[in-house]
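Chemist: Let me give you the structure first, and then I'll get to my questions.
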Amino acid sequence: MKITPSILNADFTNIATEISRISSADGVHIDVMDYHFVPNMTFGLPMVKAIRSATDAFLDIHLMIDDPDRWATSYAEAGAESVTFHVEACSAPVRLARELRAAGARASMALRPATPIEPYADMLGELDMVLIMTVEPGFGGQRFLDLTLPKIRRTRELVSRLGKDIWVQVDGGVSGETIERCVEAGADVFVAGSAVYSADNPDEMVRALRAQAEAATAR
């Protein structure tokens, strides 16, 4: 069970300090938005490079941008350990996944809530992670969509048949109230933004969420 908090809800004016407040996390989830694929804008490659220079943490880049075929490998070359592209915005997802791996990053594919996993079943072996969005991408603080749980289950079933170590990540509305349902559905990597950075002690919340997920796995 891995907890990778999103810094979307952190204080952008002091990112290095904000990242240091989640030292128990398994990685830092960075949402890159371009105001085209989603109706919001955050930051791009220069900020990711600056974050890379400020921390040795595992960087989990989530590209919510148009034309990831063109831009995604730049994030891998900048030192990100994992780069996620949205299949809805990608022209050649297999080629891009291979390019990301060749650049030294884990290759991940994201699906919006209404995008089914089944059309991409044959390419799962090209991936290191599948991200199931449990809210519409673009803004933090949204309410978890229970309708995504069956898709998480189907994704886990497809991944399990391959016998490979492919992570299933969920992003959106993850909190103490929803994480157990995600675990039961088959997720093993959790992006929590509001739940972590709205807590008095973000790192304590990271540990609590991981413990809750591990307990749900043991049941």
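The values are calculated or read from the model by the stated rules, or taken from the named source; none is laboratory data. Keep in mind that what you see is a predicted model, and the values were worked out from it rather than measured. Here Cβ is always computed from backbone atoms with ideal geometry, including for glycine, and neighbour counts include all displayed protein chains.
Chemist: Quick one: in the range 166-191, of everything that is part of a loop (DSSP other than H, G, I, E, B), closer than 12 Å to D146 by Cα and β-branched (V, I, T), which residue is farthest from the chain's Cα centre (by Cα)?
Modeler: Selected residue: T178.
Chemist: Cβ contacts < 9 Å: first residue under 20 Å from R52 (Cα atoms), restricted to the range 99-128; second residue among the aromatic types (F, W, Y) and not in a helix (DSSP H, G or I), any location; separation 6+ or different chain. Result?
Modeler: Here the result reads L100/F85; R106/W167; A107/F85; S108/F85; S108/W167, each pair linking the range 99-128 to a residue that is among the aromatic types (F, W, Y) and not in a helix (DSSP H, G or I).
Chemist: Turning to a different aspect of this structure: Output yes when any residue across the range 47-54 is within 26 Å of P119 (Cα to Cα) and under 16 Å from the mean Cα position of the chain (by Cα), and no when none is. Show your work before the answer.
Modeler: Applying the first criterion (within 26 Å of P119 (Cα to Cα)) to the range 47-54 yields none.
Checked against the condition, which is being within 26 Å of P119 (Cα to Cα) and under 16 Å from the mean Cα position of the chain (by Cα), the range 47-54 yields no hits at all.
Chemist: Those residues that are modelled with pLDDT under 95 and either β-branched (V, I, T) or within 18 Å of the chain's Cα centre (by Cα) (or both), I need them from the range 198-219; list them, please.
Modeler: T217
Chemist: Here are some conditions: (1) at pLDDT below 95; (2) surrounded by 21 or more Cβ atoms within 10 Å (Cβ to Cβ). M109 meets all but one. Which one does it not meet?
Modeler: Failing condition for M109: (1).
Chemist: While we're looking at this one, here's another question. Given V94, V83, which one is under 29 Å from Y197 (Cα atoms), surrounded by 15 or more Cβ atoms within 10 Å (Cβ to Cβ), without any contact (Cβ under 8 Å) to a residue 60 or more places away in the chain and not polar (S, T, N, Q)? Before you say what the answer is, go through the steps one by one.
Modeler: Numbers: V94 fails: under 29 Å from Y197 (Cα atoms).
When all the criteria are applied, what remains is V83.
Chemist: Next up: If you go through the range 9-26, how many residues are touching a strand residue (DSSP E or B) at 6+ places or on another chain (Cβ under 6 Å) and buried (at least 19 other Cβ atoms within 10 Å of the Cβ)? Write out each step before concluding.
Modeler: If we filter the range 9-26 for residues that are touching a strand residue (DSSP E or B) at 6+ places or on another chain (Cβ under 6 Å), which is where we start, we get 19, 25-26.
Cutting the leftovers down to buried (at least 19 other Cβ atoms within 10 Å of the Cβ) gives us 19, 25.
Of the residues in the range 9-26, 2 are touching a strand residue (DSSP E or B) at 6+ places or on another chain (Cβ under 6 Å) and buried (at least 19 other Cβ atoms within 10 Å of the Cβ).
Chemist: While we're on this one: Between residues in the range 156-170 that are touching a residue at least 60 places away in the same chain (Cβ under 8 Å) and residues that are aromatic (F, W, Y), which pairs lie under 9 Å by C-beta distance while being six or more apart or on different chains?
Modeler: Partner pairs satisfying both residue conditions: Q169/F190.
Chemist: Condition test on T55, is it under 10 Å from A105 (Cα atoms) and among the β-branched types (V, I, T)? Give the steps one after another, and end with the answer.
Modeler: Details: under 10 Å from A105 (Cα atoms): no; among the β-branched types (V, I, T): yes.
Judged against the criteria, T55 is not a match.
Chemist: Please go through the range 97-106 and pick out each residue that is of a type in the set (G, A, S) and buried (at least 22 other Cβ atoms within 10 Å of the Cβ).
Modeler: Let us first name the residues in the range 97-106 that are of a type in the set (G, A, S), namely 97, 102-105.
Of everything in the range 97-106, those that are of a type in the set (G, A, S) and buried (at least 22 other Cβ atoms within 10 Å of the Cβ) turn out to be A97, A105.
Chemist: Taking the residues in the range 138-189 that are closer than 22 Å to E118 by Cβ and in contact with a Pro (Cβ under 9 Å, 6 or more places away or on another chain) as candidates, determine which candidate is surrounded by the fewest Cβ atoms within 10 Å (Cβ to Cβ).
Modeler: Taking the range 138-189 first, the residues closer than 22 Å to E118 by Cβ are 145-172, 181-182, 184-189.
So of that shortlist, the ones also in contact with a Pro (Cβ under 9 Å, 6 or more places away or on another chain) come out as 145, 147-148, 151, 154, 171-172, 185.
Details: L145: 17, L147: 10, T148: 25, K151: 23, R154: 17, D171: 26, G172: 26, A185: 21.
Filtering first and then ranking leaves L147.
Chemist: Grab the strands (runs of 3 or more DSSP E) fully contained in the range 81-142, keeping just those with 3 or more residues being among the hydroxyl-bearing types (S, T, Y) and within 11 Å of the chain's Cα centre (by Cα). If you could, list the steps in order and put the result at the bottom.
Modeler: On the way: elements: 82-86, 106-111, 129-133.
Ranges flagged: none.
Chemist: Scan the range 27-41 for residues that are in contact with a strand residue (DSSP E or B) (Cβ under 8 Å, 6 or more places away or on another chain) and exposed (fewer than 15 other Cβ atoms within 10 Å of the Cβ) and report the count. Working first, answer last.
Modeler: Step one: list which residues in the range 27-41 are in contact with a strand residue (DSSP E or B) (Cβ under 8 Å, 6 or more places away or on another chain), which gives 27-35, 37-38, 40-41.
Then keep just the ones that are exposed (fewer than 15 other Cβ atoms within 10 Å of the Cβ); that gives 35, 41.
Within the range 27-41, residues that are in contact with a strand residue (DSSP E or B) (Cβ under 8 Å, 6 or more places away or on another chain) and exposed (fewer than 15 other Cβ atoms within 10 Å of the Cβ) number 2.
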